[in-house]
1. Exceeding 32 Å between C-alpha atoms, which entries from my cross-link table qualify? They are LYS197/LYS359; LYS233/LYS287; LYS233/LYS361; LYS197/LYS361; LYS94/LYS361; LYS197/LYS318.
2. Could you give me the percent of Cα pairs per 10 Å distance bin for the chain, shortest bin first, beginning at zero and ending with the bin that holds the maximum distance?
3. Ranking request for peptides 345-355, 229-239, 284-294: highest mean number of other beta-carbon atoms within 10 Å first, then the rest in descending order.
4. Nearest 20 debye, what's the magnitude of the dipole of the chain about its Cα centre given +1 on Lys and Arg Cβ and -1 on Asp and Glu Cβ?
5. Based on the Kirkwood radius over alpha-carbon pairs, what value in µm²/s does the Stokes-Einstein equation return for the translational diffusion coefficient of the range 175-295 at 20 °C and 1.002 mPa s?
6. Post the alpha-carbon centroid distance, the range 158-194 to the range 91-126, in whole angstrom.
7. With point charges of +1 on the Cβ of Lys and Arg and -1 on the Cβ of Asp and Glu, referenced to the Cα centre of the range 104-263, which listed residue (THR109, ILE255, SER241) lies farthest in the positive direction of the dipole?
8. Taking all protein chains together and a probe of 1.4 Å, list TYR161, TYR213 from the most accessible to the least accessible.
Amino acid sequence: MTRHGLMAAAGRTLVIGVGIGTVIGAVIGTALGTAVAQQAPPAPAGPVPYSVGNRLGMPITPAADGMFNPMSSNVKVYGSVYSAESCSYDPVRKVIVVPNRGVGQNVRTNDAWITFLNHDGSVHTSRWVGVQNPGAQRDNMTPPLVLNEPAGSDIANGVVYFADRDGGTGPNDPAVAVVRSFNMQTGLPGRSIRVDKSTGFNDIEVADDGTIYATQTGTGGQTPDPTTWQVWKITPAGAASIFAQGAPMRQPNGIAFDQQGNIVVVNIGTEDVITFSTDGKPIKTEKASQSGNDGLVIMKDGTKYVSSVVNGGVSRIKPGKPSELIAQNIPNPASMCYDPDANQLVIPMNANNALSFIKLK
């Protein structure tokens, strides 16, 4: 959802050797400065049951006999995110759910995974969905796992949704928007909705009935094309249509519902925060303190928080009041989520491989 704490950081090294496979090393334990590399187990020859990763402990992947031993309680781990664009909050597990985009489609497909973080930024589950390596390990599960480059995310009625995409592997392979979903209890893939007329969604917001609203940021720069600035609506039956297009939007990015069920959108191209009625009519425009906006969280009292991925600030807009900056100079703060149990904003920092935490008063 594009919905003073500790920063979480992680790095990843990709080593490719002809005929020897791929070794992925995860740099974890920022405070200890310890690099740990793990050789991936060989892919099974045939189909295997679908599974998700264990929380921190051993074994990392579920054992056949179901045995699991949790990590010692006096050990804290921070990090385990890579190129995260958004987050959502799971009120059942009470964890922050972070999609990691992995490497780009033009490098390797199906490389993304999902991390769970605790309120303080420590790691609950390093890899939940996506503990398996791309390729045979993911392909041979029943059902197979596909998660390419998730951007925006949202949780509704026990299901987590991602603005993902297919294609984009090269200049002759156009990118196509796909909304993918997973059951928050089991991790099993749910519906995948492909929207062939969109090149990719940035953020999504999902209503209780399963209706999905998604932003397509479109083009900017010297030759902007307003027809590419779009909000899409996908019905529970999977029918997709353009909900809003062009002005007053300018490169729409974050999206969320207000308490009246209206659809609120923030722009990269302007500081405008635009509220649309459910029939797609703009009914109110507010101003954030900065332009270049990405993240959007709306509280029960109508207060809006907006993060600028370009200018690094977080704006607070109270109903009927001018915007004020409550935080500044955050490197690339992207799509926010709200953690109500810790009363804090959680903000992925894109290529910084980290999240920032802002306690609210």
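1. LYS197/LYS359; LYS233/LYS361; LYS197/LYS361; LYS197/LYS318
2. For the chain, the binned pair fractions read 5, 26, 35, 23, 9, 2, 0 percent.
3. Ranking, from highest mean packing down: 345-355, 284-294, 229-239.
4. Here the size comes out at about 440 debye.
5. Estimated diffusion coefficient is 146 µm²/s.
6. So the separation of the two Cα centres works out to 15 Å.
7. Of THR109, ILE255, SER241, it is THR109.
8. TYR161, TYR213
The values are calculated or read from the model by the stated rules, or taken from the named source; none is laboratory data. Quick caveat: nothing in here was measured; it's all calculated off a predicted structure. Note that we place each Cβ from the backbone using ideal geometry, even for glycine, and neighbour counts take in every protein chain shown. The area values use the complete protein model at the heavy-atom level, side chains included, leaving out ligands, DNA and RNA. Shrake-Rupley method; radii C 1.70, N 1.55, O 1.52, S 1.80 Å.
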